[in-house]
1. Tell me, which helices (runs of 4 or more DSSP H) lie completely within segment 252-323 with 2 or more residues that are of a type in the set (S, T, N, Q) and surrounded by 16 or more Cβ atoms within 10 Å (Cβ to Cβ)?
2. Would you pick out the residues in segment 415-432 that are in a loop (DSSP other than H, G, I, E, B) and over 31 Å from the mean Cα position of the chain (by Cα)?
3. For segment 115-150, which residues satisfy the criterion of being within 22 Å of the chain's Cα centre (by Cα) and loosely packed, with under 14 Cβ neighbours inside 10 Å?
4. Please count how many residues of segment 93-139 are in contact with a helix residue (DSSP H, G or I) (Cβ under 7 Å, 6 or more places away or on another chain) and of a type in the set (G, A, S).
5. Go through the residues of segment 412-434 one by one and say whether even a single one is within 30 Å of A351 (Cα to Cα) and either in contact with an Asp or Glu (Cβ under 6 Å, 6 or more places away or on another chain) or in the same structural domain as N301 (by TED's automatic domain parsing) (or both).
6. Those residues that are of a type in the set (V, I, T), modelled with pLDDT of 85 or more and either buried (at least 21 other Cβ atoms within 10 Å of the Cβ) or out of contact with any Leu (no Cβ under 7 Å at 6 or more places or on another chain) (or both), I need them from segment 73-101; list them, please.
7. Taking segment 94-115 as the search range and keeping residues that are in a loop (DSSP other than H, G, I, E, B) and among the aromatic types (F, W, Y), which one is farthest from H136 (Cα to Cα)?
8. If N358 meets every condition in (1) surrounded by fewer than 18 Cβ atoms within 10 Å (Cβ to Cβ); (2) at pLDDT 95 or above apart from one, which number is that one?
Amino acid sequence: MTSPVGKPGDEKQQLSLGTQAARQLTTTTKSQPQMQGISSRWLLKLLPWVQVNGGIFRLNRRLSYTLGDGRVSFVSTGSKVQVIPMELTELPLLREYEDVEILSALANRFEQKEYKAGEVITQAGQEADAIFLIAHGKVNKLGKGKYGDEGVLEVLADGDHYSYQVLLESQDYWQYTYKAATPCTILVLQQSSFESVMALSPSLQKHVEGFKARMKNKKQDSTGEAAIELAAGHHGEPTLPGTFVDYDTHPREYELSVAQTVLQIHSRVADLFNDPMNQTQEQLRLTVEALKERKEHELVNNPEFGLLHNADLKQRIHTRGGPPTPDDMDELLSTVWKEPSFFLAHPRAIAAFGQECNRRGIYPTSIEFNGNMIPAWRGIPIVSCNKIPISDTRTSSIMLLRAGEKNQGVVGLHQAGIPDEIEPSMNVRFMGINEKAIINYLVTAYFSAAVLVPDALGILESVELGRSHND
């Protein structure tokens, strides 16, 4: 009789059907295609969407600028910053000058420049040949102090300015050094540009020649908007003040942006490989998910309408010491103090804030928000957004929004009801089959965003993501 047991060292004889062979007769359970790039997309979920007919949204505001406060105001369209022409009369050289056409010509000659923290803007002893307007950031004025030591004599910030006095005092060189203390946006008007405009304007020539330092008082309310005359608490029948609400004569218009891609599927795949899942539908689902991710990215980062580029310059603040502290978050809350809706931050910035709270023995509570438990500060939810960029120096930004049209907040813009729509303002259109039997579908999303009033959006900038263990 032959023994079923082999010789020592031989492989053990298989007594049953193996799993690898058995799989040939089974139907496996399959998952849908997974995609790591899909995020929570809180901004898309929380942003109220306004229907924009005709693809254009015109944002009407009250006329808003302040004269007589000694500071220059600016308007920003995306990443582009411009000085308001009439605000140039805050410069001593142009005070009480009223020719709007010439002021506009001067405003258009300013060049926008960006400086990093620590960069020298103008150096003492160099030729003084320009006017500098600080649109955003802090600038240190450096020079010799009372006892001859070098130090910070003054800190200039948003709306401040300094300029050459060649035309008035024959000052040919900078007496002080000006250095960026934080990242700065500065508008610069060269002396040659100023003189070229002045050469074409007799009125400006006369004004400069007869220049006197004087201040004009203008009525204004606490927001810097043109005042509305009112009366209250009166008795009898006094004459009531007449008034009207002036509007911005050049309102900004938002044209819906577009994100598109062409989905390509071979007809053989679409015909034969559809069980148990429809290949066309799965390809479309993943394409739509990628398009939504790009949509949120653009709402945050687009230089024209992205939130990071459309916060008012006065609504941008910096951290006190680098990482985001409770004090920084409180200051951010003060910029959007009227019914703030939510903070928006990169997950690593949220972690950095948590670390700072732990260092101080502060433990913010979590709140239930849209069916999820998420961290909050002062009862305001802190939602994550991985579309907020992190710089090479490991800094980021934290945003605070007041959302909704009724609240004069931040709104998303779209146009629902477009042809072949699969979601509001998103459609899929069949483009035909080419000679290689490839089926083409055009997938499109139309969208934009608007900040209805400046105090609806605040940004905490230069947020460092964590400290070293030795700090």
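The values are calculated or read from the model by the stated rules, or taken from the named source; none is laboratory data. Quick caveat, the model's predicted, so the values are computed rather than measured. We place every Cβ from the backbone using ideal geometry, glycine too, and count neighbours over all the protein chains shown.
1. Correct list: 279-301.
2. P419, D420
3. K116
4. Selection size over segment 93-139: 6.
5. The first filter runs over segment 412-434 and keeps only residues within 30 Å of A351 (Cα to Cα), leaving 412.
Filter again for either in contact with an Asp or Glu (Cβ under 6 Å, 6 or more places away or on another chain) or in the same structural domain as N301 (by TED's automatic domain parsing) (or both), leaving 412.
Yes: segment 412-434 contains one or more residues that are within 30 Å of A351 (Cα to Cα) and either in contact with an Asp or Glu (Cβ under 6 Å, 6 or more places away or on another chain) or in the same structural domain as N301 (by TED's automatic domain parsing) (or both).
6. Listed by number, the residues that qualify are V83, I84, V100.
7. Filtering segment 94-115 for residues that are in a loop (DSSP other than H, G, I, E, B) and among the aromatic types (F, W, Y), the one farthest from H136 (Cα to Cα) comes out as Y97.
8. (2)
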